[in-house]
Amino acid sequence: MLLFAPDIPMSADEFRLLRDFVYQHCGLNFTEDSKYLLEKRLGKRLQHHHLKSFKDYYYLLRYNQNKDQELSEVVDLLTTNETYFFREDFQLRSFTEEILPEIRQRKEQIGDRRLRIWSAGCSTGEEPYTIAMLLLEQPAFADWQIEIVGTDISQRVLQIARKGVYGSASFRTTPPSLQQRYFTEVEEGKLRIADRAKNLVTISHLNLFDAPRVGLLGRMDVVFCRNVIIYFDLAAKKRVIDSFFQRLRPEGFLLLGHSESLMNVTNAFVLRHFVHDMVYQRPALASAFEAKP
Ligand SMILES: C[S@@+](CC[C@H](N)C(=O)[O-])C[C@H]1O[C@@H](n2cnc3c(N)ncnc32)[C@H](O)[C@@H]1O
């Protein structure tokens with residue numbers, strides 16, 4: 001008996017079938033040189049189902065009665081979920097010192113003390129919980145109704161986000177004073193986020209390409225979508241960014257990762273030059289795309 005099953009090779013045709021299937025589902029864009037990566041990661045599923053070829057696996061993904069569950073396994077295997085608390089400090093400073101005061105002033109003028117923030121592609125939850133901690137540190141928002149929605153396509157990472165328990169890698173840039181205030185040790189090297197931060201956050205499963213479900217989120221004051229669109233091609237970026245535009249209230253802000261920009265993607269947003277960072281903002285008057293409710 002063989003202890004290790006030999007790797008099954010993926011043909012160029014099989015690669016294209018699977019790559020296009022994944023792209024249609026969730027926008028992840030694998031170039032020709034990713035064949036080895038798909039072969040390695042999806043090869044585990046062939047072994048699991050005792051299949052002899054990637055073509056058989058493709059048919060399973062298309063037609064098996066458990067195809068949705070299998071697609072979820074594929075998403076877990078192919079997404080990159082790297083994240084940590086207080087990532088991209090300069091941008092978070094812009095958020096707390098420049099963006100939040102501006103939103104507060106604008107909304108208080110009309111007696112509106114509600115704030116809705118979406119962390120799109122939240123992975124294991126460090127990003128939405130960071131936003132929650134930053135808001136709890138703002139006395140000016142103490143009597144506001146705050147809702148932070150964290151969404152991701154990978155069920156595996158969402159399970160971790162819902163638990164809210166983290167190891168040391170998540171704390172690589174966390175200020176010690178905040179770590180002390182918002183976390184308690186639950187076992188050796190594992191810290192749980194405090195309920196007062198957790199309670200501001202709702203964690204939900206959402207594929208950014210599922211337009212009807214994205215529409216159900218309602219309007220947001222700020223969208224964080226950091227280190228997500230780097231994995232999409234231009235057409236997929238345009239679709240996702242258009243949906244953020246629709247979800248944002250007029251003058252709402254879109255915060256992308258430091259290596260991401262809307263250059264060649266859309267001119268619908270204004271680029272605001274703050275002291276700490278440059279941030280995209282939906283104009284007060286929508287011109288190019290008229291906002292849907
Ligand atoms: C690198 S993580 C970014 C986490 C966090 N935003 C940050 O910057 O630290 C990218 C996340 O995007 C998610 N993602 C990729 N494609 C997606 C899609 N179509 N819909 C929703 N989430 C997606 C992945 O599952 C992954 O958890």
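The values are calculated or read from the model by the stated rules, or taken from the named source; none is laboratory data. Here the structure is a predicted model, which is why all the values come from computation and not from measurement. Note: ideal-geometry Cβ built from the backbone for every residue, glycine included; neighbour counts use all protein chains shown. Please note that ligands, DNA and RNA were not included when accessible areas were found on the heavy atoms of the full protein model with its side chains. Shrake-Rupley method; radii C 1.70, N 1.55, O 1.52, S 1.80 Å.
Taking Phe224 as the residue in question, decide whether it is part of a loop (DSSP other than H, G, I, E, B), within 11 Å of the ligand (Cβ to nearest atom) and within 25 Å of Phe245 (Cβ to Cβ).
Values: part of a loop (DSSP other than H, G, I, E, B): no; within 11 Å of the ligand (Cβ to nearest atom): yes; within 25 Å of Phe245 (Cβ to Cβ): yes.
It is false that Phe224 is part of a loop (DSSP other than H, G, I, E, B), within 11 Å of the ligand (Cβ to nearest atom) and within 25 Å of Phe245 (Cβ to Cβ).
Here's the yes/no breakdown for (1) open to solvent by less than 30 Å² (accessible area, probe 1.4 Å); (2) in a loop (DSSP other than H, G, I, E, B); (3) over 17 Å from Asn227 (Cβ atoms):
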position	(1), (2), (3)
His48	no, no, yes
Val74	yes, no, yes
Leu77	no, no, yes
Phe90	no, no, no
Ile103	yes, no, yes
Leu115	yes, no, yes
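Taking the stretch 32-44 as the search range and keeping residues that are open to solvent by 30 Å² or more (accessible area, probe 1.4 Å) and away from the ligand (no atom under 16 Å from the Cβ), which one is farthest from Asp13 (Cα to Cα)? I'd like the intermediate steps shown before the answer.
Restricting attention to the stretch 32-44, the residues satisfying the condition of being open to solvent by 30 Å² or more (accessible area, probe 1.4 Å) are 32-33, 35-37, 39-41, 44.
If we keep only those that are away from the ligand (no atom under 16 Å from the Cβ) as well, we get 32-33, 35-36, 39-40, 44.
Numbers: Glu32: 11, Asp33: 14, Lys35: 11, Tyr36: 13, Glu39: 12, Lys40: 16, Lys44: 19 Å.
Once the filter is applied, the top-ranked residue is Lys44.
Consider Glu108 carefully, then state whether it is more than 16 Å from the ligand (Cβ to nearest atom), in contact (Cβ under 8 Å) with a residue 60 or more places away in the chain and either surrounded by fewer than 17 Cβ atoms within 10 Å (Cβ to Cβ) or more than 30 Å from Thr174 (Cβ to Cβ) (or both).
Details: more than 16 Å from the ligand (Cβ to nearest atom): yes; in contact (Cβ under 8 Å) with a residue 60 or more places away in the chain: no; either surrounded by fewer than 17 Cβ atoms within 10 Å (Cβ to Cβ) or more than 30 Å from Thr174 (Cβ to Cβ) (or both): yes.
It is false that Glu108 is more than 16 Å from the ligand (Cβ to nearest atom), in contact (Cβ under 8 Å) with a residue 60 or more places away in the chain and either surrounded by fewer than 17 Cβ atoms within 10 Å (Cβ to Cβ) or more than 30 Å from Thr174 (Cβ to Cβ) (or both).
Which of (1) closer than 17 Å to Asp233 by Cα; (2) of a type in the set (Gly, Ala, Ser); (3) over 26 Å from the mean Cα position of the chain (by Cα) is the odd one out, the single condition Ala12 does not satisfy?
Tallying (1) closer than 17 Å to Asp233 by Cα; (2) of a type in the set (Gly, Ala, Ser); (3) over 26 Å from the mean Cα position of the chain (by Cα), Ala12 fails exactly one: (1).
Filter the stretch 234-264 down to the residues that are over 20 Å from Ile117 (Cβ atoms), within 16 Å of the ligand (Cβ to nearest atom) and either modelled with pLDDT under 95 or in a loop (DSSP other than H, G, I, E, B) (or both) and list them by number. Working first, answer last.
Restricting attention to the stretch 234-264, the residues satisfying the condition of being over 20 Å from Ile117 (Cβ atoms) are 234-239, 259, 261, 263-264.
Checking the rest, the ones that are also within 16 Å of the ligand (Cβ to nearest atom) come to 234-239, 259, 261.
Across the stretch 234-264, the qualifying residues are Ser259, Ser261.
For Leu217, are the conditions met, namely being open to solvent by less than 50 Å² (accessible area, probe 1.4 Å), in contact with a Ser or Thr (Cβ under 6 Å, 6 or more places away or on another chain), within 13 Å of the ligand (Cβ to nearest atom) and of a type in the set (A, V, I, L, M, F, W, C)? Lay out the reasoning, then the answer.
On the way: open to solvent by less than 50 Å² (accessible area, probe 1.4 Å): yes; in contact with a Ser or Thr (Cβ under 6 Å, 6 or more places away or on another chain): no; within 13 Å of the ligand (Cβ to nearest atom): yes; of a type in the set (A, V, I, L, M, F, W, C): yes.
The answer is no for Leu217.
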